[in-house]
Structure formats: structure tokens, C-alpha cells
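Okay, structure first, notes after.
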Amino acid sequence: MEELAHQISEIILCYREDDIDGCFYNTVMTPEHVINWVNQFDENDREFLLSELLHILPKSYFSKDFMLKFLDVVLTKVSEDLGYENLYNFLLDAQIIQCQGSKKSQTEILILLDEIFKDKFGKSIKDFPLGDVKYWIYIDDLLASGGTFKRNIIKEIEHHALDGGFKNSNVEIVCLFIGLHSLGWKNTKYSLNQALSWNVSERIKAYMYLGFENNIKETGSKLNIVYPKKNEEGLNFLDFLEGSFVRDYPMRNENIAFRPVHLPITEEFYSSPQSRDRYENILLRKGIDLIHNTQNLTVESIRPLGMTNPSNKTLGTGSHFFTWRNISNTCPIVFWWEANGWYPLFPVKNRGV
């Protein structure tokens with residue numbers, strides 16, 4: 001087990017390393033740190049859990065170096081797809097949207113992009129565009145439910161009067177994400193159209209490195225998330241969830257709370273179908289325990305497999321997605337929970353800020 005912990009540590013070593021200050025944050029991703037986390041699980045599950053996590057992490061952990069390369073490569077591809085001779089010419093017509101707070105993921109990513117621009121062009125993000133705006137570029141690390149993206153885009157549209165308003169302009173929105181949930185993206189585009197009362201989605205295009213194929217209605221969906229089959233613990237939790245809060249809205253989507261037994265058709269994310277079942281159930285059971293052991297539960301969106309829309313009668317979003325700077329709260333809570341003495345593998349940064 002020590003060797004597995006060592007290999008995992010090597011992959012996640014850069015997690016929040018820029019935040020280590022000897023005072024407020026001191027967690028280093030050492031093998032001992034990994035062992036301390038996994039020792040909170042049943043003894044018979046620990047080695048398996050680390051082994052499967054090691055199989056998955058190379059596909060779901062993204063370093064700062066990765067992000068720098070991704071930004072350069074994907075922006076170059078966008079410029080080529082749009083018919084520009086080079087990236088610089090594209091940027092002359094493009095505006096980088098900056099619409100999140102100073103402690104949010106987008107802002108930190110744009111700091112990296114600014115470094116790229118200064119290195120390649122000797123210019124800052126603020127130096128572009130130089131002419132009329134033809135494209136907005138929206139960048140973030142992950143789109144899960146799409147709530148943040150939707151709020152950001154609506155706010156930008158409402159605050160920008162481009163030739164009589166965004167709707168009457170020819171401006172298109174290019175979105176860049178490391179990870180994107182297919183179901184979240186589909187629902188977000190529909191929701192944006194409804195909120196704005198016109199088909200704004202026709203002028204939005206997304207590029208991503210990792211597509212989370214979590215729509216069970218799509219043939220061949222990889223379901224490369226944490227999404228267990230129907231089981232007694234899960235059903236009991238859904239009953240508990242129904243009565244946990246006084247709501248002024250109906251619960252929904254119970255029909256997709258569990259993974260269909262025949263999906264995915266081919267297992268490409270986990271090491272085997274059997275390992276998937278076991279791994280998902282371990283994370284689910286422990287997540288349920290953590291929630292049940294919490295007094296005065298107040299967050300209506302909390303689920304054992306990650307935050308989701310409060311109205312979803314499901315077990316959570318199930319993202320398996322980690323970056324050098326933070327962990328998404330849409331990941332299973334065993335990775336980031338810090339209440340009631342639980343020791344997280346990925347301590348959260350600025351949650352709620």
C-alpha cells in the first residue's frame with residue numbers, strides 16, 4: 001500500500017503547492033498524507049481504493065504545467081478553426097471575458113494566460129482586442145451543472161451593449177474548459193435560451209480536453225464519472241434526502257439517480273466493470289456516512305457523490321476532476337470533506353468565497 005501511496009503522491013504533488021505558506025495552509029501531498037486519508041476507509045478496501053485511484057488519476061488530475069500547454073494548444077486550434085492565419089490575428093478580434101472574483105478558478109487561469117501572452121507576444125490580456133470585437137473567449141477549468149457559466153454569460157450579455165446589444169451583434173462566444181459534462185452542457189444551453197428568450201446557444205461553441213459523458217440517453221456514453229448502480233444504501237439515502245429539508249420546489253430526476261446496469265457498454269474509465277462497481281459503492285457508502293454524521297445539515301445541494309442542483313433527487317454529480325489549484329465540489333465528498341474530523345485528500349481552497 002505504501003508504494004501505491006507513493007505513486008499517487010507523485011501525481012498530485014503540485015496540488016495547492018503555491019498556497020503553502022507555513023501558517024494558514026501546510027498540507028503537502030506526501031505518501032503519508034495519502035495513507036492518512038485512505039486509513040479512514042474499511043481496512044479491506046484501502047489497498048483496492050488506492051489501486052483504482054492510481055488507475056484513474058492520470059486521466060483526471062491536471063497540473064499547472066498541463067494548463068499552460070492546454071491554453072496555448074487550444075487557442076491555436078480555435079484560431080485555425082475560425083480561419084485565422086495565426087493566433088495573434090485571432091486575438092486582435094477577440095475579448096477575453098473576466099467575470100469571476102479574484103479567488104475563483106477563472107481568474108487564476110487568466111493569470112496563466114497572461115503569462116503566455118507576454119511570453120509569445122509581449123502583450124497582456126488587457127491589450128486585446130485591438131479592433132472590433134468578433135468573439136468573446138470564456139475560460140474555466142470545469143463545467144459540471146453549468147450554473148456558474150450561465151450566470152456569468154447572462155451578466156456579460158446584460159452589461160455589454162454591442163451595436164445595440166449582444167443579440168443584434170455578430171459576436172460569438174468561444175468557451176474553453178479542461179472538463180465539460182455533456183448533460184450539464186446540454187441543459188445549460190437550453191436554460192440560457194429560455195432565460196434570454198432567444199437561441200443564444202447557436203452562437204456558443206465549446207472546446208474541452210476531457211468530456212464527461214454522463215448523459216445515459218446518448219448511445220455509447222462512457223459515463224466516466226462516479227455513478228453507481230441501484231443499491232439499498234443509495235435508495236435509503238434518497239428517502240432521507242426527501243425529508244431532510246423544507247423545500248418550496250419539487251424534487252426531480254430520480255429516474256437517473258442510478259446507473260443503468262447495462263451501461264457503459266464498454267468500460268474505458270475504470271480498470272474493469274467489477275472495479276467500477278466496487279469503487280463507486282465505497283465512495284457512496286462513506287459519503288453517506290459523512291452526511292449522516294453531520295448535525296444541522298443546512299446545504300440543500302449536498303450529496304455523497306458531490307454537489308448538484310438542490311432539486312435533484314440523485315446521489316450527486318460524481319465528477320472525478322482535480323486540478324493543481326483546487327477540487328470541484330461536484331466531486332465525491334470523501335475527497336474534500338472537512339467536517340466532523342474527516343481528513344480530506346484534497347483540502348478545499350476558498351470554498352464559498
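Within region 281-306, the set of residues being out of contact with any Cys (no Cβ under 8 Å at 6 or more places or on another chain), in a loop (DSSP other than H, G, I, E, B) and small (Gly, Ala, Ser) comprises SER301 only.
In region 286-306, the residues that are in contact (Cβ under 8 Å) with a residue 24 or more places away in the chain and more than 21 Å from HIS320 (Cβ to Cβ) form Cβ pairs under 9 Å with partners that are assigned to a loop (DSSP other than H, G, I, E, B) and open to solvent by less than 20 Å² (accessible area, probe 1.4 Å), at six or more places apart or across chains, as follows: THR294/ILE302; GLU300/SER311. The residues listed here are ASN340, ASN309; of these, the one that is assigned to a helix (DSSP H, G or I), at pLDDT below 95 and more than 23 Å from SER51 (Cα to Cα) is ASN340.
Total residues in region 111-137 satisfying the condition of being outside any loop (DSSP other than H, G, I, E, B), among the aliphatic types (A, V, I, L, M) and exposed (fewer than 14 other Cβ atoms within 10 Å of the Cβ): the figure is 1.
Screening TYR279 against (1) under 22 Å from the mean Cα position of the chain (by Cα); (2) of a type outside the set (A, V, I, L, M); (3) farther than 16 Å from LEU315 by Cα; (4) surrounded by 15 or more Cβ atoms within 10 Å (Cβ to Cβ) leaves a single unmet condition, (3).
Condition check ((1) over 14 Å from ALA144 (Cβ atoms); (2) in contact with a His (Cβ under 8 Å, 6 or more places away or on another chain)) across all residues:
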residue: ARG303; (1), (2): no, no
residue: THR308; (1), (2): no, no
residue: LYS313; (1), (2): yes, no
residue: SER319; (1), (2): no, yes
residue: ILE327; (1), (2): no, no
residue: THR330; (1), (2): no, no
residue: PRO344; (1), (2): yes, no
residue: PRO347; (1), (2): yes, no
residue: ASN350; (1), (2): yes, no
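Taking the numbered list (1) out of contact with any helix residue (DSSP H, G or I) (no Cβ under 8 Å at 6 or more places or on another chain); (2) touching a residue at least 24 places away in the same chain (Cβ under 8 Å); (3) in a helix (DSSP H, G or I) in turn, ALA195 passes all entries but (1). Can you pull out every residue in region 70-93 that is assigned to a helix (DSSP H, G or I) and either within 19 Å of the chain's Cα centre (by Cα) or hydrophobic (A, V, I, L, M, F, W, C) (or both)? Across region 70-93, the qualifying residues are PHE70, LEU71, VAL73, VAL74, LEU75, VAL78, LEU87, PHE90, LEU91. Comparison of ASN214, ASN187 shows that the only residue that is closer than 22 Å to PHE258 by Cβ, buried (at least 16 other Cβ atoms within 10 Å of the Cβ) and under 14 Å from the mean Cα position of the chain (by Cα) is ASN214. Within region 22-38, is there a residue that is of a type in the set (Ser, Thr, Tyr), surrounded by 15 or more Cβ atoms within 10 Å (Cβ to Cβ) and under 30 Å from LYS286 (Cα atoms)? Within region 22-38, one or more residues are of a type in the set (Ser, Thr, Tyr), surrounded by 15 or more Cβ atoms within 10 Å (Cβ to Cβ) and under 30 Å from LYS286 (Cα atoms). Yes or no: region 14-22 includes at least one residue that is in contact with a Leu (Cβ under 8 Å, 6 or more places away or on another chain) and in contact (Cβ under 8 Å) with a residue 60 or more places away in the chain. Among the residues of region 14-22, not one is in contact with a Leu (Cβ under 8 Å, 6 or more places away or on another chain) and in contact (Cβ under 8 Å) with a residue 60 or more places away in the chain, which makes the answer no.
If a residue has to be assigned to a loop (DSSP other than H, G, I, E, B) and surrounded by fewer than 15 Cβ atoms within 10 Å (Cβ to Cβ) to count, how many in region 3-21 make the cut? Of the residues in region 3-21, 3 are assigned to a loop (DSSP other than H, G, I, E, B) and surrounded by fewer than 15 Cβ atoms within 10 Å (Cβ to Cβ).
Scanning region 167-184 for residues that are of a type outside the set (A, V, I, L, M) and touching a Phe, Trp or Tyr at 6+ places or on another chain (Cβ under 9 Å) yields LYS167, GLU172, CYS175, PHE177, GLY179, HIS181, SER182, GLY184. Mind listing whichever residues of region 217-247 are among the hydrophobic types (A, V, I, L, M, F, W, C) and buried (at least 16 other Cβ atoms within 10 Å of the Cβ)? Across region 217-247, the qualifying residues are LEU223, ILE225, VAL226, PHE237, LEU238, LEU241.
The values are calculated or read from the model by the stated rules, or taken from the named source; none is laboratory data. Everything numeric in this text was worked out from a predicted model, so none of it was measured. We place every Cβ from the backbone using ideal geometry, glycine too, and count neighbours over all the protein chains shown. These area figures cover heavy atoms from the full protein model, side chains too; ligands, DNA and RNA do not enter into them. Shrake-Rupley method; radii C 1.70, N 1.55, O 1.52, S 1.80 Å.
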